[in-house]
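K.L.:
First the structure, which I've put down as structure tokens, then a few questions once you've had a look.
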Amino acid sequence: MIDIKDLHASYGQLSALKGIDLTVQAGEITFVVGPNGAGKSTLLKCIAGLLKPRAGSVTFKGKSILGEQPERLCRNGLALVPEGRHIFATLTVEENLRLAAMHRKDSAEVRADIEKAIETFPILGKRFKGAAGYLSGGEQQQLAIARAILLKPTLMMIDEPSLGLAPLVVDQVYDSLKKLNETGLTLLVVEQSTARVLDLADRVAVLRNGKVVLNQSGDQLGDGEALETAYFGYKVDHAALVTD
């Protein structure tokens with residue numbers, strides 16, 4: 001569904017991506033993980049049309065999307081849930097959802113999709129008429145994902161869905177993402193943590209210093225030792241970490 005070849009991107013003189021190759025297959029959950037500053041968010045920005053790469057290619061459903069406007073990419077089925085959620089705090093949950101679907105003309109289908117979003121995230125139904133700014137961090141993350149659902153994407157990209165959330169809330173968010181994937185939605189998830197990768201990923205790419213240092217299917221990762229080594233750049237001695 002997404003095919004990225006030799007992608008380079010920079011901010012002024014600072015090189016952020018240094019020849020990224022990555023493929024996202026339809027129907028799968030692909031994780032891009034790596035330490036802070038590895039280039040993960042930059043990669044999503046390039047795919048979503050928010051940042052122009054210096055070189056390389058990005059194709060979506062077999063067609064080049066470099067130079068396409070972000071709003072056009074959204075209409076063609078590519079949705080981004082950005083880091084930090086970026087909901088409209090002064091608007092209600094309902095208004096946030098309806099804004100996401102404002103370009104759609106199928107009003108009956110929009111209502112049905114809002115109902116589906118609420119079924120996926122029941123807390124949004126309870127807070128439907130309340131201001132989104134009063135939602136907790138986890139509830140805001142659910143709203144951000146639900147808002148992306150209203151775009152009717154075929155590929156949803158999510159930047160650090162667990163950022164700043166308690167472990168129990170992260171579990172709830174990821175349970176919802178798994179259910180969305182089971183409906184056929186392709187997911188590209190960026191995370192700094194590797195905690196849930198082994199359980200959920202069909203494919204994992206590890207970025208470090210703007211380069212892909214590991215790219216394997218979930219089945220190939222085994223006990224996660226190779227993932228851990230690629231992430232840190234060295235083999236972790238867990239025995240040495242154990243203290244009395």
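K.L.:
Check whether at least one residue in the range 202-217 is under 22 Å from residue 20 (Cβ atoms), within 21 Å of the chain's Cα centre (by Cα) and part of a helix (DSSP H, G or I), and report yes or no.
P.N.:
For the range 202-217, residues under 22 Å from residue 20 (Cβ atoms), within 21 Å of the chain's Cα centre (by Cα) and part of a helix (DSSP H, G or I): absent.
K.L.:
Okay, next question. Give me the pairs: first residue in the range 98-112 and charged (D, E, K, R), second residue surrounded by 14 or more Cβ atoms within 10 Å (Cβ to Cβ), beta-carbon distance under 6 Å, and six or more apart or on different chains, which are they?
P.N.:
104/110
K.L.:
For residue 195, all conditions in the list (1) touching a helix residue (DSSP H, G or I) at 6+ places or on another chain (Cβ under 6 Å); (2) assigned to a loop (DSSP other than H, G, I, E, B); (3) closer than 25 Å to residue 36 by Cβ hold save one; what is the number of the exception?
P.N.:
Checking residue 195 against (1) touching a helix residue (DSSP H, G or I) at 6+ places or on another chain (Cβ under 6 Å); (2) assigned to a loop (DSSP other than H, G, I, E, B); (3) closer than 25 Å to residue 36 by Cβ, the one that fails is (1).
K.L.:
What residue, of 128, 121, 88, is more than 21 Å from the chain's Cα centre (by Cα) and not charged (D, E, K, R)?
P.N.:
None of the other options fit; the residue is 128.
K.L.:
Restricting to the range 149-160, what's the tally of residues that are within 11 Å of the chain's Cα centre (by Cα) and either within 23 Å of residue 195 (Cβ to Cβ) or assigned to a helix (DSSP H, G or I) (or both)?
P.N.:
Of the residues in the range 149-160, 5 are within 11 Å of the chain's Cα centre (by Cα) and either within 23 Å of residue 195 (Cβ to Cβ) or assigned to a helix (DSSP H, G or I) (or both).
K.L.:
Of the conditions (1) in contact with a helix residue (DSSP H, G or I) (Cβ under 8 Å, 6 or more places away or on another chain); (2) exposed (fewer than 14 other Cβ atoms within 10 Å of the Cβ); (3) closer than 24 Å to residue 208 by Cβ; (4) not β-branched (Val, Ile, Thr), residue 9 fails just one. Which one is it?
P.N.:
Going through (1) in contact with a helix residue (DSSP H, G or I) (Cβ under 8 Å, 6 or more places away or on another chain); (2) exposed (fewer than 14 other Cβ atoms within 10 Å of the Cβ); (3) closer than 24 Å to residue 208 by Cβ; (4) not β-branched (Val, Ile, Thr) one by one, residue 9 breaks only (2).
K.L.:
A further question on this structure: In the range 1-59, what count of residues is obtained for those that are in contact with a strand residue (DSSP E or B) (Cβ under 6 Å, 6 or more places away or on another chain), in a strand (DSSP E or B) and among the hydrophobic types (A, V, I, L, M, F, W, C)?
P.N.:
Within the range 1-59, residues that are in contact with a strand residue (DSSP E or B) (Cβ under 6 Å, 6 or more places away or on another chain), in a strand (DSSP E or B) and among the hydrophobic types (A, V, I, L, M, F, W, C) number 15.
K.L.:
Would you please name the residue that is modelled with the highest pLDDT, looking only at residues in the range 82-107 that are under 13 Å from residue 152 (Cα atoms) and crowded, with 19+ Cβ neighbours inside 10 Å?
P.N.:
Among those that are under 13 Å from residue 152 (Cα atoms) and crowded, with 19+ Cβ neighbours inside 10 Å, it is 97.
K.L.:
State yes or no: is residue 56 on the phi > 0 side of the Ramachandran plot and surrounded by 14 or more Cβ atoms within 10 Å (Cβ to Cβ)?
P.N.:
Yes, satisfied.
The values are calculated or read from the model by the stated rules, or taken from the named source; none is laboratory data. In this text the structure is predicted, and so the values were computed from the model without any measurement. For neighbour counting, all protein chains shown are included, and Cβ atoms are generated from backbone atoms with ideal geometry for every residue, glycine included.
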